[in-house]
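The values are calculated or read from the model by the stated rules, or taken from the named source; none is laboratory data. Predicted model, so just to flag it, every value in this text is computed and none were measured. Virtual Cβ from ideal backbone geometry, glycine too; neighbours counted across all protein chains shown. For accessibility, only protein heavy atoms count, side chains too; no ligands or nucleic acids. Shrake-Rupley method; radii C 1.70, N 1.55, O 1.52, S 1.80 Å.
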Amino acid sequence: MEKGIIGKSELAKLVEAMAADATCLGPVKDGQDTVLAELGPDTELSFDYANFRLPVKRLFFPQSEVTCVLRDGQLVALPPPDEKTVLFGVRPCDAQALPYLTKIFSDEKYEDPYYLKRRENAVIVSLACHTPCSTCFCTSLGGSPAGRAGCDILAFDLGHELLLEAETEKGKALLAAHEALFAAPTDAQVTAAAEQGAAAEASMAKIETDGITEKADQAFDAPLWEEIAARCVACGVCTYLCPTCHCFGFADEQVGNRTQRVKCQDACMFPLFTLEASGHNPRTTQGQRLRQRIMHKFSYTVKNVGEIFCVGCGRCVLYCPVNIDLREIIEEVRK
Amino acid sequence: MTKMQDAQNRLRETVKDLFAQQKVDLVVGFEAGSLPLRTRVCFLTSADEADRLVWNAFCTNNPAVYIPRLFQRPASPREEYKPPKLGIVAKACDARAVHKLLEEHQAPRENVTIIGMPCRGMACRDKVVIQAGDEVVEAVESTEGAVEIKTRGGASHRFELQDLLQQACLDCPQAAPEHVDVQIEGASRRDTTRRYEGLKNFEAMSADQRWEYFRHELSKCIRCYACRQVCPTCYCKTCFADMAKPRWTGAGDGLSDVMFYHIGRLMHQAGRCVECDACTRACPVGIDLKTFTRKLGKDVERLFDYVPGLRPDEAPLLCAFEDDDTEEFVTDG
């Protein structure tokens, strides 16, 4: 089944049916925010949100996870979790980031089983944005508020009902498995969805990003990095909220009488990031760290895996405590 | 011209003077931000940059956080130490933080010129967004005491600043910045009678309820350390939370590790936190840190009659002693 219409009032039935063999997560109101939370039989879904504060990458690349334990003097790898999940309400920017991350966590030489198993076990149902925020700039980076990249199903909020369109075999299979709950969409409904997507796209301000990789390379020694980084406080907000950031480190920890190796998210903005055991740090200034962050996203990943590692979700812009604005950095670099 | 613009102009002229008299070679203040309801900290190195400075109800950052970094000694002893002559634009909370840092030898006193601003309190962005009910796309502080905004949906609203004040401003123990080197003329807030009113709900909770609230809030933590990094009095070169030998607390977002980090940081802030709420504003997941810092501050005030940064000549709390201090609590029993 490729497309289906379901009334919002019927969603609880769909969730119940899916919950039989998968953990379902969806957008749930939590005070003023909407979070991606587990859906119970009575959980009310929220459709009144821009995006989750935290990026969806955390479902596949969590902030921390135990990868091995020391058992009888041997390091024993723990298996990745086998849980099947259905993620509902993922915005297209977050979905677009997932194939980028897969390129990092899986190549000809290495595979990260923890990321890959989780991704394999998940069905991503994106929800197209009808009202992008003024800080969103996905269209400036090859994305769209109705973008289809990275999801298994793209859903459109048509008011009282949702139109679901399968993008992958996994998506088709999910719709087919619950066919009875869906109606065939009318032409009017399909058109309404397309128009909603086009209107959302048109409403967004665009920033110029052509040639950003070459410009970033040329700007390596420019003074702008130290100037902007003068106010950077070296926290991890931009990195931890970014859908495409993926640096991680390992920490060996003693918990009671157990020794475990924990894989943790890391941020190049932290002063400790390149601190070597000798005490030497090749990046001594915050300008060097900021430059690394920008170069990694706009130059190095382009060379390594062929993608700019930014999907224009705007979280770094919104949540930076000192108002460092990536859109301004892109503009400065391009000059 | 609004009164706020008066103060802004007086600030700009004062800064130009300070540069001209060579009293400063670096000024940290606020300039326009790229988002509505925001300004950003700026670093000026000459008088001709002074017109970048702004002063309004969105000047929420605490610029004192940059002092340890600006006065850091070079890594090599062979390199000459050239500390700046710093001018720092300061609200009352910022000035308290500066004094705490001076007391802790983070900068030579003679190198810091505190420019006290007429502060009527700052607008809480969350309050504005809640009252507007929609994304704010434009915000202006118009005539004194009002904030005018436009929303994404096209609506316009006018709010009184007094209805938008941050909790830090409602709780501020000072009617205006004190112990400053230069005071920019203008009306400051004044009402210091509402101090700790915001704690009533938390204080009415039982111990179990408080623990549940603490647990619920901290379960959101992602260990980004924004709280620590924006805090002016958190400046350890290696934070205890980042140490591996000994590993005081795990690096991940497990609740036990998260709590240990936060409890540790709070305890390190006891007697030092100036309650500017920079930590709460910086937190990307909306943890109600200010309730915990404020409760700690209230306990410190109640137990020791001490408010950090309020009376700079006072001995610092918990790190000063006299030879004849009682030792009964150690030797008894």
(Q) Quick check on my link table: of A:K3/A:K117; B:K100/B:K200; A:K117/A:K170; B:K200/B:K295, which ones sit more than 20 Å apart, alpha carbon to alpha carbon? (A) A:K3/A:K117; B:K100/B:K200
Q) the range A:87-130 to the range A:213-286: how many Å between their Cα centroids? A) 23
Q: Would you list which lysines come within 18 Å of B:K150, measuring only between C-alpha atoms, while excluding same-chain residues fewer than 8 positions from it?
A: B:K127
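May I ask you to give the solvent-accessible area per residue for the protein assembly as shown, in square angstrom, as obtained with a 1.4 angstrom probe? Before the final figure, lay out each step's value.
Details: 30420 Å² over 668 residues.
So the protein assembly as shown comes to 46 Å² accessible per residue, rounded to a whole number.
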Q. Roughly how much accessible area, to the nearest 100 Å², goes out of reach of solvent when B and A pair up, both sides summed, probe 1.4 Å?
A. 2900
Q: In debye, nearest 20, what is the charge dipole magnitude of chain B about its Cα centre with +1 on Lys and Arg Cβ and -1 on Asp and Glu Cβ, if you could check?
A: 1080
Q. Within 10 Å of each Cβ of B:279-289, how many other protein chain Cβ atoms are there on average?
A. 4
Q: Among A:N121, A:G147, A:A77, flag the residue with its Cα farthest along the positive direction of the charge dipole of the range A:15-149, charges on Cβ as +1 for Lys/Arg and -1 for Asp/Glu.
A: A:G147
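Only four residue types carry charge here, +1 at the Cβ of Lys and Arg and -1 at the Cβ of Asp and Glu. Report the dipole size of the range A:212-334 about the Cα centre in Debye, rounded to the nearest 20. Let's see the in-between values first.
Details: 14 positive and 14 negative charges, 70 e Å.
Result for the range A:212-334 is approximately 340 debye, rounded to the nearest 20.
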Q: At q = 0.07, 0.11, 0.12 Å⁻¹, what is the base-10 log of I(q)/I(0) for the protein assembly as shown according to the Debye formula with one equal point scatterer per Cα and no solvent? Please give it to two decimals.
A: -0.50, -1.25, -1.46
Q: Considering Cα pairs under 8 angstrom that are at least six residues apart, work out the relative contact order of the range A:212-334 and quote it in whole percent.
A: 35
Q) Hey, rough spin-label estimate for A:A184 and B:L303, points 7 angstrom out along Cα→Cβ, what's it come to in nanometres? A) 7.4
Q. On the accessible surface of the protein assembly as shown, probed at 1.4 Å, how many percent belong to carbon and sulfur atoms?
A. 52
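Based on the alpha-carbon set only, what is the convex hull volume of the range B:52-150 divided per residue, in Å³?
Values: hull volume 13.9 nm³, N = 99.
In the range B:52-150, the Cα hull volume divided by residue count equals 140 Å³.
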**Q.** Flagged links, alpha-carbon separation over 29 Å, of A:K297/B:K91; A:K29/B:K91; A:K29/A:K84; A:K103/B:K245; A:K13/A:K172
**A.** A:K297/B:K91; A:K29/B:K91; A:K103/B:K245
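Nearest 500 deg cm²/dmol is fine: what mean residue ellipticity at 222 nm does chain A get from its DSSP H runs of n ≥ 4 alone, each adding -39,500 (n - 2.57), divided by its residue count? Walk me through the numbers on the way to the answer.
Values: 12 runs with 102 residues, N = 335.
Rounded to the nearest 500, the figure is -8500 deg cm²/dmol.
Highest mean first, how do B:103-112, A:252-261, A:145-154, A:68-77 rank when packing is the count of other Cβ atoms within 10 Å averaged over residues? Intermediate results must be reported in sequence, preceding the final value.
Working: B:103-112: 15.5, A:252-261: 12.8, A:145-154: 23.7, A:68-77: 10.6.
Put in order of decreasing packing, that is A:145-154, B:103-112, A:252-261, A:68-77.
State to the nearest 20 debye the size of the charge dipole of the protein assembly as shown about its Cα centre, where the only charges are +1 on K and R beta carbons and -1 on D and E beta carbons.
Working: 79 positive and 97 negative charges, 173 e Å.
Around 820 debye, computed over the protein assembly as shown.
Can you tell me the order of A:131-137, A:29-35, B:79-85 when each peptide is scored by its average per-residue count of other Cβ atoms within 10 angstrom, highest first?
Values: A:131-137: 21.6, A:29-35: 14.0, B:79-85: 11.7.
Ranking, from highest mean packing down: A:131-137, A:29-35, B:79-85.
What's the average, rounded to a whole number, of partner chain beta-carbon atoms within 10 Å of each residue's beta-carbon in B:251-261?
If you average over the peptide's residues, the count of other-chain Cβ atoms is 4.
Please compute, for peptide A:264-276, the average count of beta-carbon atoms on other protein chains lying within 10 Å of each residue's beta-carbon.
If you average over the peptide's residues, the count of other-chain Cβ atoms is 2.
Taking square-rooted eigenvalues a ≥ b ≥ c of the alpha carbon gyration tensor, is chain B rounded, prolate or oblate, where a/c under 1.5 means rounded and, failing that, a/b exceeding b/c means prolate?
Values: a/c = 1.59, a/b = 1.16, b/c = 1.37.
Cα axes put chain B in the oblate bin.
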Q) Roughly how many Å is it from the Cα centre of the range B:150-177 to that of the range B:274-333, as a whole number? A) 27
Q.
Beyond a 31 Å Cα-Cα separation, which of these cross-linked pairs lie in this structure: A:K206/B:K85; A:K57/A:K206; A:K109/B:K220?
A. A:K206/B:K85; A:K109/B:K220
Q) Hey, if you drop one equal point scatterer on each alpha-carbon of the range A:1-109 and run the Debye formula without solvent, what base-10 log of I(q)/I(0) do you get at q = 0.24 Å⁻¹? A) -1.43
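Taking 8 Å as the Cα distance limit and 6 or more residues as the minimum spacing, I'd like the relative contact order of chain A as a percentage. Could you put the intermediate results ahead of the total?
Numbers: 598 pairs, mean separation 71.3, N = 335.
21 percent.
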**Q.** the range A:175-240: radius of gyration and largest Cα-Cα distance (Dmax), Å
**A.** 22.7, 62
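What is the projected area of the convex hull of the Cα atoms of the range A:117-184, averaged over all directions, in nm²?
On the way: hull surface 23.6 nm².
The Cα convex hull of the range A:117-184, projected and averaged over all directions, gives 5.9 nm².
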Q. Rounded to the nearest 5, what is the percent of antiparallel bridges among the DSSP beta bridges in the range A:212-334?
A. 100
**Q.** Of A:S278, A:I330, A:A199, farthest towards positive along the dipole that unit charges on Lys, Arg, Asp, Glu beta carbons give the range A:191-335
**A.** A:S278
Q) Ordered by residue, what ³J(HN,Hα) values in Hz, to whole numbers, does the range B:289-301 give under the Karplus form 6.51 cos²θ - 1.76 cosθ + 1.60, where θ = phi - 60° and Gly and Pro are x? A) 4, 4, 5, 6, 5, 5, 5, 4, x, 5, 4, 4, 5
Q | Translational diffusion coefficient (Stokes-Einstein; Kirkwood radius from C-alpha pairs) of the range B:150-233 at 37 °C, 0.692 mPa s, in µm²/s | A | 192
Q.
Sorting check: for B:183-190, A:180-187, A:239-246, B:162-169, which peptide has the highest mean count of neighbouring beta carbons within 10 Å, and how do the rest follow?
A. A:239-246, B:162-169, B:183-190, A:180-187
Q | Members of the range A:189-234 that become less accessible by 30 Å² or more once partner protein chains are added (1.4 angstrom probe, chain alone as reference) | A | A:A230, A:R231, A:V233
Q. Once you treat every alpha carbon in chain A as an equal point and sum by Debye, what is log10 I(q)/I(0) at q = 0.07, 0.08, 0.11 Å⁻¹?
A. -0.32, -0.42, -0.78
